[in-house]
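The values are calculated or read from the model by the stated rules, or taken from the named source; none is laboratory data. Keep in mind that what you see is a predicted model, and the values were worked out from it rather than measured. For neighbour counting, all protein chains shown are included, and Cβ atoms are generated from backbone atoms with ideal geometry for every residue, glycine included.
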Amino acid sequence: MGETVWNLRKVKHLKKKQLVLYNLLMLFIAFLAFYIENDWSIYVLAGLTLVMSWSIIANMVYTLKTGKVLGTKASRRVQAFDRDYLGEKRWKKRKQIGTVIMILFSIGFTAFLLNIDLNSMDMDFPTDALPLFGAWGGFNAGEINRVRKLQ
């Protein structure tokens, strides 16, 4: 496979654009969770979370098996850059680790939901969402740091 020359300024722009899209998605999820928690059943929120996590896993497994990336043109370009930048072996290892972590999380979350009485749970949105917001902030800090490190 020949070496691909990447315009780092363009890649950084695409990564920032992708980060903005992830943030908009997280904002949408936070508002959806708040709305569901106040107006609908906790079962709807749990079900949507399960569907999303298993859909993400399906996408990750598909990418690992076929090497093709599903998503927007920008995300496909960013993934292609990461693959070239890290090297095929290191990229695949990182993808495998991420996939295994997501599978373990989803299996644990599914088992948790099947074994707990959700009706007995009290939801207090601002307090219960703090771990989500902490993870969101950590993700943003990590992505911004990775974009800055690109050379």
For residue 80, work out the one condition from (1) among the hydrophobic types (A, V, I, L, M, F, W, C); (2) in contact with a helix residue (DSSP H, G or I) (Cβ under 8 Å, 6 or more places away or on another chain); (3) under 14 Å from residue 63 (Cβ atoms); (4) surrounded by fewer than 16 Cβ atoms within 10 Å (Cβ to Cβ) it doesn't fulfil. (2)
Let me spell it out: the conditions are (1) surrounded by 12 or more Cβ atoms within 10 Å (Cβ to Cβ); (2) at pLDDT below 85; (3) over 17 Å from the mean Cα position of the chain (by Cα), and residue 126 meets all of them except one. Which number is the exception? (1)
When residues of segment 12-70 are limited to those that are β-branched (Val, Ile, Thr) and more than 16 Å from the chain's Cα centre (by Cα), the one modelled with the highest pLDDT: 66
Please go through segment 52-82 and give me each residue that is part of a helix (DSSP H, G or I) and within 19 Å of residue 16 (Cβ to Cβ), ordered by number. 73, 74, 75, 76, 77, 78, 79, 80, 81, 82
Single condition residue 115 does not satisfy, out of (1) at pLDDT 90 or above; (2) under 27 Å from residue 35 (Cβ atoms): (1)
Quick one: count up the residues across segment 63-120 that are farther than 25 Å from residue 15 by Cα and among the small types (Gly, Ala, Ser). 4
Please pick out the residue among 70, 50, 86, 45 that is surrounded by 14 or more Cβ atoms within 10 Å (Cβ to Cβ) and without any contact (Cβ under 8 Å) to a residue 12 or more places away in the chain. 86
Could you figure out which of (1) of a type outside the set (A, V, I, L, M); (2) touching a residue at least 24 places away in the same chain (Cβ under 8 Å); (3) touching a Ser or Thr at 6+ places or on another chain (Cβ under 9 Å) isn't true of residue 34? (3)
